[in-house]
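Novice: Got a structure here, written out as structure tokens. Questions coming.
The values are calculated or read from the model by the stated rules, or taken from the named source; none is laboratory data. Since this is a predicted model, take the numbers as computed values, not measurements. Note that each Cβ is placed from the backbone with ideal geometry, even for glycine, and that neighbours are counted across all protein chains shown. Side chains included, ligands, DNA and RNA excluded: accessible areas come from the protein's heavy atoms. Shrake-Rupley method; radii C 1.70, N 1.55, O 1.52, S 1.80 Å.
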Amino acid sequence: MENIIQTLLNETTLWVPRVGGVVVIFLVFYILSKLIRGAITKGAERLKLDHHLSSLFARISNITLLIFGFVTALGTLGINVSALVAGLGLTGFALGFALKDTISNLLSGVLILLYQPFMIGNTIKVSGYQGKVVTIDLRYTELNSEGNKILIPNSKLFTDPITVLPTEPSDALSISD
């Protein structure tokens, strides 16, 4: 019985610092992720970036830091994380391949919101569709054409030629005497 108690005490003294280190590491990454998320949000407000775009960047940085903190904490416990990292890489590759159209629309939406080739309220013509831009989301751009709602995937808007039509017909210049 004394042997079992001695073994438990030895193991406890070995694991307590490791578990404490794991908690500290994960807490540091959690606080760091919140600070960076706040900094991205404030920076995006100062730069007047689109709310959807800043929210996306903030969430991506938050999740990335939490995953990195989790993997680091597992490594501190003595778990071999190389297989886990390789598995995450393969999972990311498979998901990227399976969701390539969705990811293409998302990245195109980000680029459209960054470069702003057209704005809400502009009338555009693309791929045989013409209408007034109602909303620009991360996946679709909504057009209103004679009361009809047209959703065009952002990847289409990014790859096909777009004609931004003038909002008001331009009057011919006249020279007055």
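Novice: Residue by residue through the range 128-172, note down the ones that are outside any helix (DSSP H, G or I), open to solvent by 30 Å² or more (accessible area, probe 1.4 Å) and in contact with a helix residue (DSSP H, G or I) (Cβ under 6 Å, 6 or more places away or on another chain).
Specialist: R139, P153
Novice: Of the residues that sit in the range 36-46 and are farther than 14 Å from T64 by Cβ and among the hydrophobic types (A, V, I, L, M, F, W, C), which one is most open to solvent (accessible area, probe 1.4 Å)?
Specialist: Going through the qualifying residues, I end up with A39.
Novice: May I ask you to list the residues in the range 15-30 that are open to solvent by 90 Å² or more (accessible area, probe 1.4 Å) and within 22 Å of S61 (Cβ to Cβ)?
Specialist: Listed by number, the residues that qualify are L27, Y30.
Novice: What residue, among those in the range 76-125 that are closer than 30 Å to T163 by Cα and among the aromatic types (F, W, Y), is modelled with the highest pLDDT?
Specialist: Only one residue tops the list, namely F118.
Novice: Report, ordered by the first and then the second residue, all pairs with beta carbons closer than 6 Å, sequence separation of six or more or different chains, a first member in the range 87-109 that is closer than 9 Å to S155 by Cβ, and a second member that is open to solvent by 70 Å² or more (accessible area, probe 1.4 Å) and assigned to a helix (DSSP H, G or I).
Specialist: From residues that are closer than 9 Å to S155 by Cβ, the pairs are S108/F158.
Novice: OK, next. Exactly one condition in (1) β-branched (V, I, T); (2) more than 30 Å from L114 (Cβ to Cβ); (3) out of contact with any Ser or Thr (no Cβ under 7 Å at 6 or more places or on another chain) is not met by I67; state its number.
Specialist: Of everything listed in (1) β-branched (V, I, T); (2) more than 30 Å from L114 (Cβ to Cβ); (3) out of contact with any Ser or Thr (no Cβ under 7 Å at 6 or more places or on another chain), I67 misses just condition (2).
Novice: How many residues are at pLDDT 90 or above and over 17 Å from I112 (Cα atoms) if we restrict to the range 147-164?
Specialist: So the count comes out to 3.
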